[in-house]
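Comments concern the structure below.
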Amino acid sequence: MSNDGALTLGVLGGMGPAATLEFLARLQGYTPAQKDQDHIRVLADINPKAPDRNIPGSGAGAALAQMANGLRAAGAEVLAMPCNTAHAHADLIQRASGLPLVDMIDLGAEAAAQSGAARAGVLGSRGALRLYREYLAARAMGMVSLPPERQEAFMVTLYRIKAGEMGDDVARELVSHAEALRELGAEVLIAGCTEVPLVIDEEDVSLELVDPGDLLARRCVAVCLGWEPLPQVVA
């Protein structure tokens, strides 16, 4: 099977590095290939120095736009960004680079809607929650989020994962947060931070777990190989 003519994918990565490496592994795994040359060409800017997307006014948008421009100059034809919160800057990234971006939030929200659930619980940063609330509402779905104290506790757990902690205690904390969302009325669960699936999967929780990072890898393969159309670039 030859994938000659496949589009070159540019990846805005490093947010965080482990999640980016997981995305790249899944991208490779989902690509049908008999030899090296059948794989998609990927240009990745794994930039952990990008400002924290969870801090307002950090300058993350400008840094991401610069990364996108660098990927375009290197030959990227379509972009992906395996970080939920950073999608707050998706429009800026596309306008600055002129390249289409495969929208991870859209994929997650659509999968939640396809589950038949009326309310989705989201484990994510406040920035990711704002995005998912908007995308889910567009599909006539409600969103369930953690109460303030639990949300703060979730962020502590998230940064522990970013620091390399992926043991049973961290997994138990995530499962506890997921269970809290179920008790609050969630009927499907969205892993709204790419670190979440590094520690838990659907077998660990009592609800269907939507993994937008996995969906992003699958969609990027489909787009780059021409099985699905390129996303439209935001004007």
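The values are calculated or read from the model by the stated rules, or taken from the named source; none is laboratory data. Everything quoted here is computed from the prediction, not taken from an experiment. So basically every Cβ, Gly included, is an ideal-geometry build from the backbone, and we count neighbours across all protein chains shown. Note: areas computed on protein heavy atoms with side chains; ligands, DNA, RNA excluded. Shrake-Rupley method; radii C 1.70, N 1.55, O 1.52, S 1.80 Å.
Between the alpha-carbon centers of region 32-67 and region 182-220, tell me the distance in whole angstrom. The two parts, judged by their Cα centres, are 21 Å apart. In plain terms, the C-alpha convex hull of region 154-235 casts an average shadow of 7.6 nm² when viewed from every direction.
Hey, with R₀ at 35 Å, roughly what FRET efficiency would Gln37 and Glu203 work out to, going by the Cβ-Cβ distance, to 0.05? After rounding to 0.05, the efficiency reads 0.45.
For region 84-154, the carbon plus sulfur part of the accessible surface works out to 48%, probe radius 1.4 Å.
Comparing Asp36, Asp214, Asp52 in a Gaussian network model of the chain where C-alpha atoms under 10 Å apart are linked, the largest mean-square fluctuation is found at Asp36. Entry for the chain at q = 0.12 Å⁻¹: log10 I(q)/I(0) = -0.64, Debye formula applied to identical alpha-carbon scatterers, no solvent contribution.
Rounded to the nearest 20 debye, the dipole size of region 1-139 about its Cα centre is 420 debye, using +1 on the Cβ of Lys and Arg and -1 on the Cβ of Asp and Glu. The angle between the Cα long axis of helix 60-74 and the main principal axis of the chain comes to about 30°, on a 0 to 90 degree scale. Using only Cα atoms, find the angle between the long axis of helix 126-137 and the longest principal axis of the chain, and express it within 0 to 90 degrees, rounded to the nearest 10. The helix 126-137 is inclined about 80 degrees to the chain.
Each of Ala138, Phe154, Ala178 was scored by the projection of its Cα onto the charge dipole of region 132-183, and the greatest displacement toward the positive side belongs to Ala138; charges sit on the C-beta of Lys, Arg, Asp and Glu. When the helices of the chain are scored as -39500 (n - 2.57) per DSSP H run of n ≥ 4 and the total is divided over every residue, the value at 222 nm lands at -14000 deg cm²/dmol. Put one equal scatterer on each alpha carbon of region 52-118, apply the Debye formula with no solvent term, and list log10 I(q)/I(0) at q = 0.23, 0.24, 0.28, 0.29 1/Å to two decimals. Relative scattering, expressed as log10 I(q)/I(0), comes to -0.94, -0.99, -1.20, -1.25.
Note on Val175 and Glu152: with the Förster distance fixed at 25 Å, the Cβ-Cβ geometry gives a FRET efficiency of about 0.90.
Between Leu230 and Ala74, the modelled label-to-label distance comes to 1.9 nm, taking each label 7 Å out from Cα in the direction of the beta carbon. Helix 17-30 sits at what angle to the longest principal axis of the chain, using alpha carbons and giving 0 to 90 degrees rounded to 10? With rounding to tens, the tilt is 60 degrees.
Annotation: per residue accessible area for the chain equals 45 Å², rounded to a whole number [probe 1.4 Å, protein chains only]. By the Kirkwood approach, averaging reciprocal distances over each pair of separate Cα atoms, region 11-51 gets a hydrodynamic radius of 11.0 Å.
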